[in-house]
Amino acid sequence: MPKRVDHQQRRREIADALLRVVGVQGLHGMSLREVAAEAGVSLRLVQYYFPSKEQLLLFTAAYLTRRLSEQVTSRVAAAGPAPPPRTVIEATLAALLPTDPDTRRFHLAHAAFAVLAMTDSTIAAQAVLAGPDAREEILVEALRTVLRPPADPRAEAVGLLAMSAGLATSVLGGARSVDEALGELPHHLDRLLPARAPVQVAGW
């Protein structure tokens, strides 16, 4: 009996291979042949699932957004059941930082797609830049439980995401270490939530 192929899983594997290639050399140097070699499959198979480079990029853009959301969910879940709002906030922001070689390549790939989305409306329509919107909602919900008027949870969430994105860029560019970037998170939260004692996520 022929082996049943999970076509969606095969597409995800090819997308993962593309992200690994892009995380090392960027989108400008990426070819379908290199993606096929990274995925350990033939070029013909890549072209079977993605007849054009654009189709592969579109699929991977949407896949990348889902992966980013999963990173946040996983980081928050690692803090234990029903974590306090500050832990949720800190875990969400930390998930945006490149903390090891794998996440560094992943964030480099995301940066490459984000730049492409700024000039390619088709890629932008696939919501490669919509990941922050989902994370923004997580932060807003948590901030609403710990901030008092006239503080604006939405405005503070936007500011925190911008700060974390800037830290990620500085780590990717070598301006500061991962530890330095992680250390900035509680520093900013202490100023935003001065009445709350810092809560550390286990393992940080």
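Structure summary
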| item | result |
| --- | --- |
| From phi via Karplus (6.51, -1.76, 1.60), per-residue ³J(HN,Hα) for the range 46-52 in Hz, x at Gly/Pro | 4, 5, 5, 7, 9, x, 9 |
| Crossing angle, helix 153-172 versus the chain [Cα axis fit, 0-90 degrees, rounded to tens] | 60 degrees |
| The range 1-105 - accessible surface per residue (Å², probe 1.4 Å) | 53 Å² |
| FRET efficiency for GLN8 and LEU32, using Cβ-Cβ distance with R0 set to 25 Å, rounded to 0.05 | 0.85 |
| Carbon plus sulfur fraction of accessible area for the range 44-197, probe 1.4 Å, in percent | 56 percent |
| C-alpha long axis of helix 101-119 to longest principal axis of the chain, angle in ° | 80 degrees |
| The chain: angle of helix 53-77 to the longest principal axis, Cα-based, in degrees nearest 10 | 30 degrees |
| Reported label for calculated Cα extents along the principal axes in Å given (1) 53, 33, 33; (2) 61, 42, 31; (3) 51, 45, 31 | (2) |
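The values are calculated or read from the model by the stated rules, or taken from the named source; none is laboratory data. Every value quoted in this text rests on a predicted model; they were computed, and no experiment measured them. Glycine gets a Cβ as well: all are built from the backbone with ideal geometry, and neighbour counts include every protein chain shown. These accessible areas exclude ligands, DNA and RNA; they are computed on the full protein's heavy atoms, side chains included. Shrake-Rupley method; radii C 1.70, N 1.55, O 1.52, S 1.80 Å.
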